[in-house]
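Single-structure report; data block below.
The values are calculated or read from the model by the stated rules, or taken from the named source; none is laboratory data. Predicted, not measured: the structure shown is a model, and the values here were computed from it. Using ideal geometry, Cβ is built from the backbone for each residue, glycine included, and neighbour counts are taken over all protein chains shown.
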Amino acid sequence: MSFGSSLQSARALIVGASQGIGLGFVRQLVADGRFDQVYGTYRRPETAGGLMALAADHPHLTPLPMDVTAEDSMVQAVATLQATDPRLHLVVYCVGLLHDGDFQPEKSVRQLTSDQLLRSFQVNAVGAALLTKHLLPLLKHDQPSVFGAISAKVGSIGDNHLGGWYGYRASKAALNMLIKTASLEYARKSPNTIFALLHPGTTDTRLSQPFQRGVSPDKLFSVSRTVAQLMTVIDGLEPADSGDFLSWDGQQLPW
Ligand SMILES: NC(=O)c1ccc[n+]([C@@H]2O[C@H](COP(=O)([O-])OP(=O)(O)OC[C@H]3O[C@@H](n4cnc5c(N)ncnc54)[C@H](OP(=O)(O)O)[C@@H]3O)[C@@H](O)[C@H]2O)c1
């Protein structure tokens with residue numbers, strides 16, 4: 001049975017829901033009658049206006065503060081979740097970092113710095129891995145659950161023909177390995193949980209904005225289109241798919 005066909009009175013947690021694809025997920029899930037409770041995390045109120053406005057209109061949406069580089073903020077958010085109901089059915093890790101002011105994707109080995117590489121790993125990979133630790137008790141129950149992590153095709157080692165973007169590529173490859181490895185442990189400890197690494201396709205968000213010039217309009221997805229496509233993939237997941245690296249159209253991607 002696919003994950004989507006089992007969903008009712010479900011609870012979802014979207015991590016990194018202040019903007020972009022994460023906010024798009026929250027927008028779609030609050031309108032999806034299969035979900036009773038939706039939680040969306042934000043790092044700073046300054047960029048979370050859209051999430052707060054949505055929550056004002058939807059009492060079953062709860063914004064939760066969480067900076068994925070501060071593990072204690074994860075612990076606090078998980079405690080809040082557990083206090084209401086110790087079950088989650090869907091988690092989507094939508095946090096990601098490609099550029100931020102002076103922090104720009106490296107075009108050459110000459111631009112590599114320890115600080116930038118470590119920050120890429122911390123935000124893009126380590127945060128998701130720590131959540132697999134803290135969320136195990138909430139994902140482990142007798143109903144199906146999904147932990148989806150938004151990865152990126154540029155994190156595929158086999159598909160790397162262009163080079164560049166060292167920190168982003170390597171941190172997404174690390175995310176893939178961490179989540180694949182967690183999927184194997186969960187298969188023993190929480191066999192109803194399905195993990196998926198999801199490539200969203202180029203999507204019109206802050207993250208892709210500086211790099212959209214070379215992308216043809218039919219290959220640049222709106223956030224709502226991306227979320228609808230990824231929800232179709234998530235709904236179709238079956239236990240045998242756990243740990244797969246999947247594109248927005250459901251195709252397997254090479255590691
Ligand atoms: N857009 C694309 O074309 C594309 C393509 C392939 C993969 N992806 C992946 O898709 C995911 C979503 O990206 P997006 O395009 O929606 O980008 P985005 O609009 O820039 O959103 C990124 C999100 O990550 C959050 N975030 C960053 N650092 C954080 C931290 N330390 N703690 C908690 N949250 C943090 C941001 O919060 P703030 O508002 O606080 O900054 C924001 O909510 C990312 O994993 C990205 O790598 C995107």
- Query: For the stretch 150-169, how many residues are free of Cβ contacts under 8 Å to residues at least 60 places away in the same chain, more than 18 Å from THR203 (Cα to Cα) and either in contact with a Lys or Arg (Cβ under 9 Å, 6 or more places away or on another chain) or acidic (Asp, Glu) (or both)?
  - Reply: 3
- Query: If you check every pair at least six apart or on different chains, which have Cβ atoms under 7 Å apart with a residue in the stretch 1-23 that is over 18 Å from VAL223 (Cα atoms) first and a residue that is surrounded by fewer than 23 Cβ atoms within 10 Å (Cβ to Cβ) and of a type in the set (Gly, Ala, Ser) second?
  - Reply: SER2/GLY236; GLY4/GLY236
- Item | Residue in the stretch 44-59 that is at pLDDT 95 or above, surrounded by 18 or more Cβ atoms within 10 Å (Cβ to Cβ) and not hydrophobic (A, V, I, L, M, F, W, C) present | yes
- Task: Return a yes/no flag: does the stretch 189-204 have any residue that is among the aromatic types (Phe, Trp, Tyr) and within 16 Å of the chain's Cα centre (by Cα).
- Result: yes
- Item | Cβ-Cβ under 9 Å pairs, at least 6 apart or on other chains, the stretch 72-84 side at pLDDT 95 or above, far side of a type in the set (Gly, Ala, Ser) | MET74/GLY127
- Query: Residues of the stretch 36-72 being in a loop (DSSP other than H, G, I, E, B) and either under 18 Å from THR84 (Cβ atoms) or away from the ligand (no atom under 12 Å from the Cβ) (or both), which ones?
  - Reply: HIS58, PRO59, HIS60, MET66
- Qualifying residues in the stretch 170-213 (those that are without any contact (Cβ under 8 Å) to a residue 24 or more places away in the chain and charged (D, E, K, R)) - the one surrounded by the fewest Cβ atoms within 10 Å (Cβ to Cβ): ARG213
- Query: Scanning the stretch 123-152 for residues that are within 16 Å of the ligand (Cβ to nearest atom) and not in a helix (DSSP H, G or I), which turns out farthest from MET74 (Cα to Cα)?
  - Reply: ALA152
- Message: Here is a check on your reading of the model: is ILE194 more than 13 Å from the ligand (Cβ to nearest atom), touching a strand residue (DSSP E or B) at 6+ places or on another chain (Cβ under 7 Å) and of a type in the set (A, V, I, L, M)?
- Response: yes
- Query: Taking interchain pairs and intrachain pairs at least six residues apart, which have beta carbon atoms under 6 angstrom, with the first residue in the stretch 39-57 and over 9 Å from VAL26 (Cβ atoms) and the second assigned to a loop (DSSP other than H, G, I, E, B) and of a type outside the set (Gly, Ala, Ser)?
  - Reply: THR41/MET66; ARG43/ASP67; THR47/GLN19
- Tally, over the stretch 214-255, of residues that are exposed (fewer than 13 other Cβ atoms within 10 Å of the Cβ) and of a type in the set (A, V, I, L, M, F, W, C): 1
- So which residues in the stretch 82-99 are under 18 Å from the mean Cα position of the chain (by Cα) and either polar (S, T, N, Q) or assigned to a helix (DSSP H, G or I) (or both)? none
- Of everything in the stretch 148-169 that's of a type in the set (A, V, I, L, M, F, W, C) and crowded, with 19+ Cβ neighbours inside 10 Å, which residue is nearest to GLY127 (Cα to Cα)? ALA149
- Message: Residues that are more than 27 Å from HIS199 (Cβ to Cβ) and surrounded by fewer than 13 Cβ atoms within 10 Å (Cβ to Cβ): does the stretch 61-73 have at least one?
- Response: yes
- Kindly indicate whether any position in the stretch 75-92 is of a type in the set (A, V, I, L, M, F, W, C), under 23 Å from GLY201 (Cα atoms), near the ligand (Cβ under 9 Å from one of its atoms) and in contact with a Phe, Trp or Tyr (Cβ under 7 Å, 6 or more places away or on another chain). no
- Task: Restrict the check to the stretch 132-143 and report whether at least one residue is of a type in the set (S, T, N, Q), more than 20 Å from PRO239 (Cβ to Cβ) and at pLDDT 95 or above.
- Result: no
- Item | Selection from the stretch 165-195 of residues that are assigned to a loop (DSSP other than H, G, I, E, B) and touching a Ser or Thr at 6+ places or on another chain (Cβ under 8 Å) | SER190, ASN192
